[in-house]
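Okay, structure first, notes after.
The values are calculated or read from the model by the stated rules, or taken from the named source; none is laboratory data. What you see is a predicted model, and the numbers here were worked out from it, not measured in a lab. Please note: Cβ atoms are built from the backbone with ideal geometry, for glycine as well, and neighbour counts cover all protein chains shown.
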């Protein structure tokens, strides 16, 4: 059987621009689903909950956890107040994503984090964020492209030789897109930095003590025409397949 890949999702509330429902709607951008399916996984959307029993029940049906992108994290999880430049914060999503991440790590379940997913991984394991790159660590590197540019490259990243990321993409330099204004600051326990932008901003994190735990700051799902970025989904779904077979 194909491995089940659970994806974290966004939420748009009633009255918000482009909300398709009077009661609100969960949603995720379709390229995540496309890439999971292409790689041989079955996508499953995860609604928000901070109930440990609910989270356990969801992961009981899961072979791999994909922490998707989204807006800003709730900074109270790393003991800070929101920065003035913070944008849309979904406390319910942060609580659910952190809970799912911690439980998946405990179960040694394969994890792939993307953009907000990288930030979630480090915060879930005790790290913190730069809440606004332009004001807290300014540089000339373009970290936030326009929405219309998300399928274009923004800047290169340098990858640590011999890392999981290096083994997956097969190279130590890679061009990536970039859609974020927050970034990892204090790195969570047991995580290592395995890629950086030219200005030093963290672009990838891994947990070497787990079979597959990798997070990237860019959006590989939007770079489907480029083999190194597709390879991230191939490796993740393959790890989920092994997890399913072994548990």
> If you go through the stretch 25-44 one residue at a time, do you hit one that is surrounded by fewer than 15 Cβ atoms within 10 Å (Cβ to Cβ), out of contact with any strand residue (DSSP E or B) (no Cβ under 6 Å at 6 or more places or on another chain) and more than 22 Å from residue 216 (Cβ to Cβ)?
Replying inline: no
>> With the structure loaded, tell me whether residue 88 is in contact with a strand residue (DSSP E or B) (Cβ under 7 Å, 6 or more places away or on another chain) and either modelled with pLDDT of 95 or more or surrounded by fewer than 19 Cβ atoms within 10 Å (Cβ to Cβ) (or both) or whether it fails that test.
In response: yes
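Yes or no, residue by residue, for (1) in contact with a helix residue (DSSP H, G or I) (Cβ under 8 Å, 6 or more places away or on another chain); (2) closer than 22 Å to residue 139 by Cβ; (3) surrounded by 24 or more Cβ atoms within 10 Å (Cβ to Cβ):
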residue: 188; (1), (2), (3): yes, no, no
residue: 192; (1), (2), (3): no, no, no
residue: 195; (1), (2), (3): yes, yes, yes
residue: 198; (1), (2), (3): no, yes, no
residue: 222; (1), (2), (3): yes, no, no
residue: 225; (1), (2), (3): no, no, no
residue: 233; (1), (2), (3): yes, no, yes
>> Anything in the stretch 1-38 that is more than 15 Å from the chain's Cα centre (by Cα) and in contact (Cβ under 8 Å) with a residue 12 or more places away in the chain? List them, or say none.
In response: 1, 2, 3, 4, 11, 12, 24, 25, 26, 27, 34, 38
> What number of residues within the stretch 190-219 satisfy the criterion of being in a loop (DSSP other than H, G, I, E, B), under 15 Å from the mean Cα position of the chain (by Cα) and under 17 Å from residue 64 (Cβ atoms)?
Replying inline: 2
>> Of all residues being touching a strand residue (DSSP E or B) at 6+ places or on another chain (Cβ under 6 Å) and assigned to a loop (DSSP other than H, G, I, E, B) in the stretch 4-23, which is surrounded by the fewest Cβ atoms within 10 Å (Cβ to Cβ)? Just the residue, please.
In response: 19
